[in-house]
Ligand SMILES: [Zn+2]
Ligand SMILES: [Zn+2]
């Protein structure tokens, strides 16, 4: 082998090595060949306006919505075309109505694992594909959802806050029921799916309620959350997300 051939071989090895390194790095972050921006644009409903801002690591996807569901709930109020009854034994909380909001969620286009994990807090921790806010497993006073609060949930595991913000705490009839559907994105830019993986199996999740693996939207793998597979207080509802974010949360204003 002459010198020229040798250097070509070394160069090829270098390129191969770099590619391999990028792929490994991509396992923690995202796929590299499927853009989160593209998935967000394809999967969010037309009720959510999507734009991007910034470049490189600072690039953000900006999602805007009025926070109102496109589906039936008793919280529309009786007489409304989208009114339906509460599940048996359930009744409205003190906030019987919901109102239009001006939600703006900013998420990174290339989310990464945070070196120090931050607890999710009360209020909006993500946005479902229809623009409705996603909340964690807590209620006012930062206490775990109890049976009394659960009895104010509609068929979607949702109810409004005193500020009339309608929000999902759990999976439900109009988002995901024991399946692998994409539900939305959390503020750290990682997607959240139903209780199953696309193989039909219930995945083993880490302490953040997620894991790395393929999904329908990211066939080459991405870190993603799943709804909990625990029948919460035997209520038939399954919490969407509890505990800390895996990545660094972006801003959510209203
Ligand atoms: Zn709530
Ligand atoms: Zn999964």
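The values are calculated or read from the model by the stated rules, or taken from the named source; none is laboratory data. Quick caveat, the model's predicted, so the values are computed rather than measured. Methodologically, a virtual Cβ is constructed for each residue, glycine included, from the backbone with ideal geometry; neighbour enumeration extends over all protein chains shown.
Would you confirm whether any residue within segment 153-166 is within 30 Å of residue 38 (Cβ to Cβ) and away from ligand 1 (no atom under 16 Å from the Cβ)?
Within segment 153-166, not a single residue is within 30 Å of residue 38 (Cβ to Cβ) and away from ligand 1 (no atom under 16 Å from the Cβ).
Among the residues of segment 218-231, what is the count of those that are in contact (Cβ under 8 Å) with a residue 40 or more places away in the chain and within 11 Å of ligand 2 (Cβ to nearest atom)?
Final tally of qualifying residues: 5.
Which residues, counting only those in segment 187-198, are more than 23 Å from residue 60 (Cα to Cα) and near ligand 2 (Cβ under 9 Å from one of its atoms)?
196, 197, 198
Among the candidates 232, 246, single out the residue that is surrounded by 18 or more Cβ atoms within 10 Å (Cβ to Cβ) and within 13 Å of the chain's Cα centre (by Cα).
The conditions single out 246.
Consider residue 149 against the criteria (1) assigned to a loop (DSSP other than H, G, I, E, B); (2) within 16 Å of ligand 1 (Cβ to nearest atom): it satisfies all of them except one. Which criterion is unmet?
(1)
Based on what the data block shows, is residue 146 surrounded by fewer than 14 Cβ atoms within 10 Å (Cβ to Cβ), over 27 Å from residue 57 (Cα atoms), touching a strand residue (DSSP E or B) at 6+ places or on another chain (Cβ under 8 Å) and in contact (Cβ under 8 Å) with a residue 12 or more places away in the chain?
yes
Can you say whether residue 224 is over 26 Å from residue 72 (Cβ atoms), modelled with pLDDT of 95 or more and not in a loop (DSSP other than H, G, I, E, B), as far as the supplied structure shows?
Considered against the rule, which asks whether it is over 26 Å from residue 72 (Cβ atoms), modelled with pLDDT of 95 or more and not in a loop (DSSP other than H, G, I, E, B), residue 224 comes out as yes.
Filter segment 127-149 for residues that are in contact with a helix residue (DSSP H, G or I) (Cβ under 7 Å, 6 or more places away or on another chain) and either more than 25 Å from residue 191 (Cα to Cα) or within 16 Å of ligand 2 (Cβ to nearest atom) (or both) and give the result.
Listed by number, the list holds a single entry, 147.
List pairs: first residue in segment 79-104 and assigned by TED's automatic domain parsing to the domain that holds residue 50, second residue exposed (fewer than 12 other Cβ atoms within 10 Å of the Cβ) and in a loop (DSSP other than H, G, I, E, B) anywhere in the structure, Cβ distance under 6 angstrom, at least six positions apart or on different chains.
Short answer, once both residue conditions are applied: 95/162.
So how many residues does segment 233-254 have that are more than 25 Å from residue 68 (Cα to Cα), out of contact with any helix residue (DSSP H, G or I) (no Cβ under 9 Å at 6 or more places or on another chain) and in contact (Cβ under 8 Å) with a residue 12 or more places away in the chain?
Of the residues in that region, 5 qualify.
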